[in-house]
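Shown next, in structure tokens, is the structure this report addresses.
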Amino acid sequence: MLNTTNETIELPILVKLGGSVITEKDKEFVAREETIRRLADEIASSQKPVIVVHGAGSFGHGVAAKYELSYGTREPHQFRMFSFLRTQMDELRLLVSRALFDVGLRPFPIQPSAIFITMNGEVFQFDDHALLHALRLGYTPVLHGDAVLDYAQGSSILSGDTIIQLLAKFLGLEKVIFVSDVEGIYDKDPKLHSDAELLRNLKLPDVMRLIKSDSVGGSTYKDVTRGMKGKLESILPILDAHCEVAIINGNRDGALYNVLIGADEHGTFISPR
Ligand code: ADP
Ligand code: IPE
């Protein structure tokens, strides 16, 4: 149960819809609307309370990389492209929120750059009021990786995985599901090695070992937040907060539904101890 001041509500499950699965990562600004609708339907069918955090995929990484927005805004064209990236993320959030609405849920879309401000790329301020009140009222908050304002350098890129990590700790959640375009974590990048083997069950020390090794890499697409390696680094503090983590393939029909209801069939499942 989540204690939000004086009320308790059922603990939500944090679901990260990776940019690799909700957008065409190699076609700029193209969303995979049918997949988004199917994933929304799987969330609704599970009847579990969730918080949705989605990635940027081709709506964000290309622009962020080209104009170096992770490192700040100094030149006039960077300020303009920051605004462009922000509006692109609004558009993707609208698509995800509308899909959740259309399957009968009550999405509450939140613009992350309006509640998070960073300092040198690290979260410095987090205004939690709207999120907590939305949870209390039974809404499904929808957040995402975003281009955010930064007190020191003007802008930075806050990944959905970092937001997940912060929320898991802050809300004391028990389960996080990363929905990606691969079955889980392999002993090497499955997109580059056909003999890669899926690692089905892991524990916290295994994650520490994988981060240090070369077996987990970035993404094969343009990715300013460092692909699966960045994800594993976000997972470590989640496990530290005693929260379970699952990484599943969103392109596999029913995988999200199954893991939401606790029937863990396909994927990598990481336990905190
Ligand atoms: P998402 O967009 O779902 O958040 P990312 O694109 O950031 O995911 O990371 C997933 C990508 O990481 C996969 O598409 C895969 O190519 C890459 N990757 C690199 N190393 C591994 C590994 N050892 N196991 C699984 N995926 C890996
Ligand atoms: C990236 O967020 C945010 C921007 C580039 C604006 P994520 O790191 O969560 O996105 P995906 O899931 O890798 O696409």
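Roughly speaking, what is the stretch gain from LYS212 to LYS66, that is 0.36 nm per residue apart minus the C-alpha to C-alpha distance, in nm to one decimal?
Using 0.36 nm per residue and subtracting the Cα-Cα distance, I get 49.7 nm.
Lysine pairs in region 125-273 with Cα distance under 21 Å, only those 8 or more apart or on different chains: how many are there?
Taking the Cα cut-off of 21 Å, the pair count is 21.
Explain nothing, just the number: dipole magnitude of the chain about its Cα centre with +1 on each Lys and Arg Cβ and -1 on each Asp and Glu Cβ, in debye rounded to the nearest 20.
In debye, rounded to 20, the chain gives about 200.
In what sequence, highest mean first, do 98-106, 177-185, 228-236 appear when ranked by Cβ atoms within 10 angstrom?
Packing proxy ranking, top to bottom: 177-185, 228-236, 98-106.
Which shape class, rounded, prolate or oblate, goes with region 189-251 when its Cα gyration tensor gives a ≥ b ≥ c as root eigenvalues, a/c under 1.5 marks rounded, and past that a/b bigger than b/c marks prolate?
prolate
Could you work out the relative contact order of region 192-273? I mean the mean sequence separation of Cα pairs under 8 Å and 6+ apart, divided by the number of residues, in percent.
37 percent
Fully extended, how many nm does the chain gain between PHE269 and ALA130 (0.36 nm per residue separation, minus their Cα-Cα distance)?
46.9 nm is the gain from fully extending PHE269 to ALA130.
Considering Cα pairs under 8 angstrom that are at least six residues apart, work out the relative contact order of the chain and quote it in whole percent.
Relative contact order here is 22 percent.
With point charges of +1 on the Cβ of Lys and Arg and -1 on the Cβ of Asp and Glu, referenced to the Cα centre of region 70-196, which listed residue (GLN88, ALA134, LEU173) lies farthest in the positive direction of the dipole?
With unit charges placed on the Cβ atoms, the residue in question is ALA134.
Which whole-Hz ³J(HN,Hα) couplings does region 147-158 yield from phi under the Karplus relation 6.51 cos²θ - 1.76 cosθ + 1.60, θ = phi - 60°, glycine and proline marked x?
8, 10, 6, 10, 4, 8, 10, x, 8, 7, 10, 9
Taking a ≥ b ≥ c as the square roots of the eigenvalues of the Cα gyration tensor of region 216-270, is the shape rounded (a/c under 1.5), prolate (a/b larger than b/c) or oblate?
Because a/c hits 1.5 or more and a/b fails to exceed b/c, region 216-270 counts as oblate.
In the chain, what % of DSSP beta bridges are antiparallel (nearest 5)?
Percent antiparallel among DSSP bridges in the chain is about 40.
Name the aspartates and glutamates eligible as straight-distance cross-link partners of LYS48: C-alpha to C-alpha under 12 Å, and not fewer than 8 places from it in the same chain.
GLU10
Rounded if a/c is under 1.5, else prolate if a/b beats b/c, else oblate: with a ≥ b ≥ c from the C-alpha gyration tensor eigenvalues square-rooted, which is the chain?
Rounded.
Label ASP187 and GLU122 with points 7 Å out from Cα along Cα→Cβ: what is the distance between them in nm?
According to this spin-label approximation, the distance is 3.7 nm.
Expressed as a rounded percentage, what relative contact order does region 103-159 have, with Cα pairs under 8 Å and six or more residues apart?
Reported as a whole number, the value is 41 percent.
Run the quick spin-label model on SER45 and ASP26: label points 7 Å from Cα toward the beta carbon, then report their separation in nm to one decimal.
Taking the two extended label points, one gets 3.0 nm.
Bear in mind these aren't lab numbers, they're just calculated from the coordinates by the rules spelled out. Just so we're clear, the structure is a prediction, and the values are computed from it rather than from any experiment. Virtual Cβ from ideal backbone geometry, glycine too; neighbours counted across all protein chains shown.
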